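Engineer: Pasting a structure here, questions to come.
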Amino acid sequence: MTAYLDHAATTPMRPVAIEAYAAALARVGNPSSLHTAGRAARALVEESRERIAAALGARPSEIIFTSGGTEADNLAIKGGHWARVGADPARRRLVVSGIEHHAVLDPVEHLVETGSAQVSWLEPDRCGHVAPDDLARVLDELGSEVSLVSVIWANNEVGTVQPIAELAEIAHAHGIPMHSDAVQAVGHLPLEFAASGLDLMTVTAHKLGGPVGVGALVAGRQVALVPLAHGGGQERQVRSGTLDAAGVHAFAVALDLAVAERDVEAKRLVALRDRLVEGAMGLGLGITVSGCWRPGDVEERVPGNAHLLVPGTDGDSLLYLLDAAGVEVSTGSACQAGVPRPSHVLLAMGYSEREARGALRLSLGHPSTDADVDAFLAALPGVVERARRAARRS
Amino acid sequence: MRVVAAMSGGVDSAVAAARMLDAGHEVVGVHLALSRSAATLRESARGCCTLEDAGDARRVADRLGVPFYVWDLADRFATDVVEDFVAEYAAGRTPNPCLRCNEKIKFAALLDKALALGFDAVATGHYARIVEGPGGERELHRGVDPAKDQSYVLGVLDADQLAHAFFPLGDLTKDEVRAEAAARGFAVAKKPDSHDICFIPDGDTRGFLTRALGERPGEVVSTDGEVLGRHTGTYGFTIGQRRGLGLDRGSLDGRPRYVVGIDARAHRVVIGTADLLGIEDIVGVDARWCGAVPAGELEVGAQVRAHGEEVPATALVLADGRVRVRLAQRVRGVAPGQAVVLYDGTRVVGSATITQEY
């Protein structure tokens, strides 16, 4: 019996989504074909587009299907930047938070390294919040040269939720479009594209019970994008490639369910999370929670997210020992060839490299139960003791 | 026992891990990340530490059905192996980084971490044998494949380290290991052996040292002190080296010339004829013994470089802990910084680092 506590990495598909996926996979038809089979596939895609738009508070024409979150982020950052620079060569600067996922961070750094962009980073506070005043200050000074602002909706490591609408309003006051990576938020937090004021928003299916390999960039109709890949001109001419009818269908089914259950599920997950955090901190091992955590809070932090710092340990030792005890977790930070590096998110939040070493991200999802939390809390004391011994030896 | 199988991604460590599992141990595969710049994909005929190697190791672990992790020992490796390697060359010595890696990384940093995490031992794909001695102590012996025997680079291990080591390939030849890997369906069965120093993947040691140390020009002189030419760094030379001396004058009286001495402090490389290379008296420091420190004069076999012949010798531990080794015949290419490993039959008795004073 294993306790899977890594739902922010990926979560099991909902049975209804699997059913819908399998049924759609069995049918032939390229949505771009003009015959009956093609029209049927197209109808499935468009019906899914409408359902997804409705669930996200967007218009169907604003949904650009992609292969997932990474592609959508790249399309927003690179495609959005290139389009804006093309229209106004003076706008070469990106304004980006220091706690983005690598799918945003790396395209930004690529643009900077290749001489296509400059960047101003918005550093968060110790909680992981980006201050609207900081954005206002940067834009007051440099607004005329900015192409795009991007701030992650809910951070993938510490779960901190950003004041997106407030930030978007500031960007708009300077005539600058705003993007947000909402991969960790969608299906878990109330999220309305139109009301948020965003111009671009990234979502993906597999973090909410849909399949891996399908996501979308929600792009306001006014937003110009340069395609990353050229081809058949699907998806408003910005995302060529045969549409994955089965994938988007399963995405729509999973999203509908996640949104329908969201408020009840959020309260359930918050209760589990609070028990997990309180239990870990109550072991007398010096464990702290990173980011802002208030018991019962369902707004400032993704409900299923717990992020713990275990002083005097290395995250990879904790991960191994928990894995051996049947508890599957993440260190939260990106890996290089399987080696966790100190998290850029924690460093940006002001934690030292030493503090950031013993990081554990635990993320609960729709199948999580009290038994998962119990398994983690039962394993933790022995695991921490061993991991500390290992850290002292190295 | 609970065993960490160190898995480089090569064929040897793959078969070693499989054999540990067959022997009934609880095995976890661990690949060591030893470089910060591992983000290269290349056919790893030379060296280690590429993403491809980590992936190959992972696939073997998958096939065996054992857990697999990558442990980051890059900092320790940089300090204990790479910096040591550079410092040794800078001091005019010729280090053996594989030996240092076994001593400081695989059977120190890795073993310590494994023990702390609750493992009992580390297994590697080295060609050497561990044999239980008459008193139950673990003895290190040569592997049965004379072409692959790696006991020389393990000779630095002490009794404590050996007590937590497994070398499951010691009874096999390389051909047998490859055949076994193929029979087990490992994709790495035909992967080429690595030959070079893993942190110098292009094989250009002199270029690596030049980048690390900068140019340190000096004179190339004869044993009489006559200046024969100039060089850009003594670290580009090894005792016994014949090629690449960069001299504009011909040979000494028609006889081939070799590096016979390196004086790093004076930036001087000394050139002489072959007869000067024959050494029969060696002093070793930093001696490591596989068991108790031997008393009195020992009749041993001595090996002075990784793929060198063993020659009969007598060894005596001096009062200050140094070891004096008298070889029964003159041996060429004895380089300070290399290890002299002492054998009793196939058993490793101990080792020491060869010093300048001979």
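Engineer: Here is a check on your reading of the model: is A:Pro211 over 17 Å from the mean Cα position of the chain (by Cα) and farther than 18 Å from A:Ala43 by Cα?
Structural biologist: So A:Pro211 fails the test.
Engineer: Report whether or not A:Asp370 is within 12 Å of chain B (Cβ to nearest Cβ), surrounded by fewer than 23 Cβ atoms within 10 Å (Cβ to Cβ) and charged (D, E, K, R).
Structural biologist: No, not satisfied.
Engineer: Follow-up question, since we're still on this one. So how many residues does the range B:85-125 have that are over 23 Å from B:Gly29 (Cα atoms) and not in a helix (DSSP H, G or I)?
Structural biologist: Residues that pass the stated criteria total 6.
Engineer: Against the condition within 21 Å of A:Ile164 (Cα to Cα), modelled with pLDDT under 95 and assigned to a loop (DSSP other than H, G, I, E, B), how does A:Gln222 come out, does it pass?
Structural biologist: Yes.
Engineer: (1) within 14 Å of chain B (Cβ to nearest Cβ); (2) part of a loop (DSSP other than H, G, I, E, B); (3) surrounded by fewer than 19 Cβ atoms within 10 Å (Cβ to Cβ): which one isn't true of A:Arg392, the others all being true?
Structural biologist: Result: A:Arg392 passes all but (2).
Engineer: Out of the residues in the range B:53-69 that are at the interface with another protein chain (Cβ under 10 Å from one of its Cβ atoms) and more than 23 Å from the chain's Cα centre (by Cα), which is surrounded by the fewest Cβ atoms within 10 Å (Cβ to Cβ)?
Structural biologist: B:Pro67
Engineer: Against the condition in the same structural domain as A:His110 (by TED's automatic domain parsing), closer than 15 Å to A:Gly187 by Cβ, in contact (Cβ under 8 Å) with a residue 40 or more places away in the chain and assigned to a loop (DSSP other than H, G, I, E, B), how does A:Pro211 come out, does it pass?
Structural biologist: It is true that A:Pro211 is in the same structural domain as A:His110 (by TED's automatic domain parsing), closer than 15 Å to A:Gly187 by Cβ, in contact (Cβ under 8 Å) with a residue 40 or more places away in the chain and assigned to a loop (DSSP other than H, G, I, E, B).
Engineer: Identify, please: which residue in the range B:113-154 is within 14 Å of chain A (Cβ to nearest Cβ) and small (Gly, Ala, Ser) and is, among those, surrounded by the most Cβ atoms within 10 Å (Cβ to Cβ)?
Structural biologist: Checked the range B:113-154; the qualifying residue surrounded by the most Cβ atoms within 10 Å (Cβ to Cβ) is B:Ala114.
Engineer: Among the residues of the range A:140-150, are any farther than 20 Å from A:Arg361 by Cβ, acidic (Asp, Glu), surrounded by fewer than 18 Cβ atoms within 10 Å (Cβ to Cβ) and without any contact (Cβ under 8 Å) to a residue 40 or more places away in the chain?
Structural biologist: Within the range A:140-150, one or more residues are farther than 20 Å from A:Arg361 by Cβ, acidic (Asp, Glu), surrounded by fewer than 18 Cβ atoms within 10 Å (Cβ to Cβ) and without any contact (Cβ under 8 Å) to a residue 40 or more places away in the chain.
Engineer: Now for a separate question. Would you please name the residue that is surrounded by the most Cβ atoms within 10 Å (Cβ to Cβ), looking only at residues in the range B:206-230 that are touching a helix residue (DSSP H, G or I) at 6+ places or on another chain (Cβ under 8 Å) and at pLDDT 90 or above?
Structural biologist: In this case the residue turns out to be B:Leu209.
Engineer: Between B:Ala295, B:Ala306, which is in a loop (DSSP other than H, G, I, E, B), surrounded by fewer than 17 Cβ atoms within 10 Å (Cβ to Cβ) and out of contact with any helix residue (DSSP H, G or I) (no Cβ under 9 Å at 6 or more places or on another chain)?
Structural biologist: B:Ala295
Engineer: Could you tell me which numbered condition A:Thr202 fails, if it satisfies all but one of (1) in contact with an Asp or Glu (Cβ under 7 Å, 6 or more places away or on another chain); (2) not in a strand (DSSP E or B)?
Structural biologist: A:Thr202 satisfies every listed condition except (2).
Engineer: Would you pick out the residues in the range A:354-388 that are at pLDDT below 95 and charged (D, E, K, R)?
Structural biologist: Listed by number, the residues that qualify are A:Arg354, A:Glu355, A:Arg357.
Engineer: Before we move on, is B:Glu103 among the acidic types (Asp, Glu), away from every other protein chain (no Cβ under 14 Å) and surrounded by fewer than 22 Cβ atoms within 10 Å (Cβ to Cβ)?
Structural biologist: No.
Engineer: If you check B:Gly284, B:Gly301, B:Gly333, B:Gly337, which single one turns out to be farther than 24 Å from B:Ala264 by Cα and either touching a Leu at 6+ places or on another chain (Cβ under 8 Å) or not assigned by TED's automatic domain parsing to the domain that holds B:Asp160 (or both)?
Structural biologist: Selected residue: B:Gly301, the only one of B:Gly284, B:Gly301, B:Gly333, B:Gly337 that is farther than 24 Å from B:Ala264 by Cα and either touching a Leu at 6+ places or on another chain (Cβ under 8 Å) or not assigned by TED's automatic domain parsing to the domain that holds B:Asp160 (or both).
Engineer: Select, from B:Ala302, B:Ala306, B:Ala274, B:Ala287, the only residue that is more than 18 Å from B:Val341 (Cα to Cα), touching a residue at least 40 places away in the same chain (Cβ under 8 Å) and of a type in the set (Gly, Ala, Ser).
Structural biologist: B:Ala274
Engineer: Can you pull out the strands (runs of 3 or more DSSP E) entirely within the range A:52-151 that have at least 3 residues that are over 15 Å from A:Leu228 (Cβ atoms)?
Structural biologist: A:93-97, A:118-122, A:146-150
Engineer: Right, here's the next one. Could you check, for the range A:1-19, whether at least one of its residues is of a type in the set (Asp, Glu) and under 18 Å from the mean Cα position of the chain (by Cα)?
Structural biologist: The answer is yes, given that some residue of the range A:1-19 is of a type in the set (Asp, Glu) and under 18 Å from the mean Cα position of the chain (by Cα).
Engineer: Given A:Arg361, A:Arg341, A:Arg386, which one is within 12 Å of chain B (Cβ to nearest Cβ) and under 21 Å from the mean Cα position of the chain (by Cα)?
Structural biologist: A:Arg341
Engineer: State all residues of the range A:301-327 that are surrounded by fewer than 19 Cβ atoms within 10 Å (Cβ to Cβ) and either of a type in the set (D, E, K, R) or part of a strand (DSSP E or B) (or both); if no residue qualifies, say none.
Structural biologist: The answer is A:Asp323, and nothing else.
Engineer: If I ask for residues that are surrounded by 18 or more Cβ atoms within 10 Å (Cβ to Cβ) and over 27 Å from A:Gly209 (Cα atoms), which ones from the range A:265-284 would you list?
Structural biologist: Of everything in the range A:265-284, just one residue is surrounded by 18 or more Cβ atoms within 10 Å (Cβ to Cβ) and over 27 Å from A:Gly209 (Cα atoms), namely A:Ala280.
Engineer: Name every residue in the range A:152-188 that is closer than 19 Å to A:Leu255 by Cα and not in a loop (DSSP other than H, G, I, E, B), in order of residue number.
Structural biologist: Answer for the range A:152-188, where residues must be closer than 19 Å to A:Leu255 by Cα and not in a loop (DSSP other than H, G, I, E, B): A:Ala154, A:Ser180, A:Asp181.
The values are calculated or read from the model by the stated rules, or taken from the named source; none is laboratory data. On a predicted model such as this, the values are computed, not experimentally measured, just so you know. Here the Cβ is made from the backbone with ideal geometry for all residues, glycine too, and neighbour counts use every protein chain on show.
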